[in-house]
Every structure is written in C-alpha cells, then in structure tokens.
Amino acid sequence: MVYEDERSTFDRPACLLYDKQDNKWGNARTLSPKEIDTIFKFQQDKFHAKPAVLPECMLWYEADKCLIWYQNPCTKPMTIRGNKTKYSHPGLVFMVSGNAMRICVYSKKEAFRPTFTTKLYENPYSQVDTHYGHGNVGLCRVPKFTQEYAHKLEAWEEWTDMFYESGFNRKATPRNKIKQRDITLGEWICR
C-alpha cells in the first residue's frame, strides 16, 4: 500500500508492506525504493503483469477478489418506481467481493477520503429496495458482469453507475436526517 500525507516527514509517498495471516493484515513496515523495485520486478517476472496505478477513489484492491472505493456526496437522479427525481446522495463506500456489492455511508455532506476509523451513518435507502437496508447489490442484469469481470479494477465505475442508475422502491431518507452509527468503516469491511 502506498500512503501520501502532506504532514508526512517523508519527501515522497510511503510504501508499506503488510503480512496477511488468517485474513488479518498486520506487521506494517516501510519499504525502501530498492525494495519496491525488487517487489515489482519479482511480480512482473512471476505474473507477467505490470503494477497498476489505482484510481484516487480506490481504498483497497485485491486482484480478482475485492474492490473497495468511495464516492463523495453528490446529487444524482434517482428512479423511484419508474419516476426520476433528484436526490442528494450521502458519501458512499462501495465494496465488491464474491458476486455482490455492499454499500455504506461515511459522510452526510462533507467530501473527504474515508479511513478505516471513519464512523459510518445509517443507510438512507429502503429496507425493501433492490439494494436492501444492508446495502447489497447483486450482479443484476449486466451481461458482462461475470464473476471474473466483477472484480477487475476497471469495473468499479460500472458498479457505481449500476447502483445510481438502478430502480428504488422508495425515496431515500434525506441525508441531513440520517444518524451516525456506532461502527467504523474498518469494522464494516471485516463483517
């Protein structure tokens, strides 16, 4: 993972290597430029693939397994039982794993990059929606959304469009009326 922080004492972004054991990440350590070059060379030799630069909105990506990204609060059309209306969506985090997408709310109206410690808000979308109250969306009727394509890095934009452009059963709760929950983004991801 590469982190960049304007308050950092590093003169460049820091690249951290984590160990993964029993589905938990730990033992973070900073890598030197030489170690980074060695890892990328090893990965290219091993898999014949070049490293990818992740979109700014991407929070996490594991090839062919998981995509996690965020969308700042925005106003977009919402189709409710066939009728279009404008809705001020809160800031959302999207997670695709398996064959489904989950969503959670990280911000009412402020635009910022969420972290694992960001407190979440209630989901404003109806319990009986296509998306359910827990924010689940299936592969739906998108022909190219095969299991393999669903986890490709470039699929995040189509997942986002699929959510915003799909039909809802009820108008969502106004974002200024949703309440904060006692759960962080990190806890939600690990559920």
Exercise for the section: Please work out which residue is farthest from Lys152 (Cα to Cα), limiting yourself to the range 18-51 and to residues that are in a loop (DSSP other than H, G, I, E, B) and modelled with pLDDT under 60. Expected result: His48
Exercise for the section: Scan the range 126-141 and give yes if some residue there is of a type in the set (A, V, I, L, M), surrounded by 15 or more Cβ atoms within 10 Å (Cβ to Cβ), modelled with pLDDT under 75 and in a loop (DSSP other than H, G, I, E, B), otherwise no. Expected result: yes
Exercise for the section: Just name the residue that is modelled with the lowest pLDDT out of those in the range 77-101 that are under 20 Å from Arg191 (Cβ atoms) and among the polar types (S, T, N, Q). Expected result: Asn99
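Let me confirm something: among Lys177, Lys152, Lys171, which residue is at pLDDT 80 or above and touching a Pro at 6+ places or on another chain (Cβ under 9 Å)?
Every option except Lys177 fails the conditions.
Out of Lys109, Lys84, Lys76, I need the residue that is part of a loop (DSSP other than H, G, I, E, B) and in the same structural domain as Lys171 (by TED's automatic domain parsing). Which one?
The conditions single out Lys109.
Taking the stated definitions as given, is Thr160 assigned to a loop (DSSP other than H, G, I, E, B) and within 20 Å of Pro73 (Cβ to Cβ)?
So Thr160 fails the test.
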Completion exercise
Per the list (1) surrounded by 13 or more Cβ atoms within 10 Å (Cβ to Cβ); (2) modelled with pLDDT under 85; (3) of a type in the set (Asp, Glu); (4) within 20 Å of the chain's Cα centre (by Cα), residue check on Glu158 breaks on (2)
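The values are calculated or read from the model by the stated rules, or taken from the named source; none is laboratory data. Note that the coordinates shown come from a computational prediction; the quantities given were computed from them, not determined experimentally. A quick note on method: Cβ atoms are made from the backbone with ideal geometry, for glycine too, and the neighbour counts reach across all protein chains shown.
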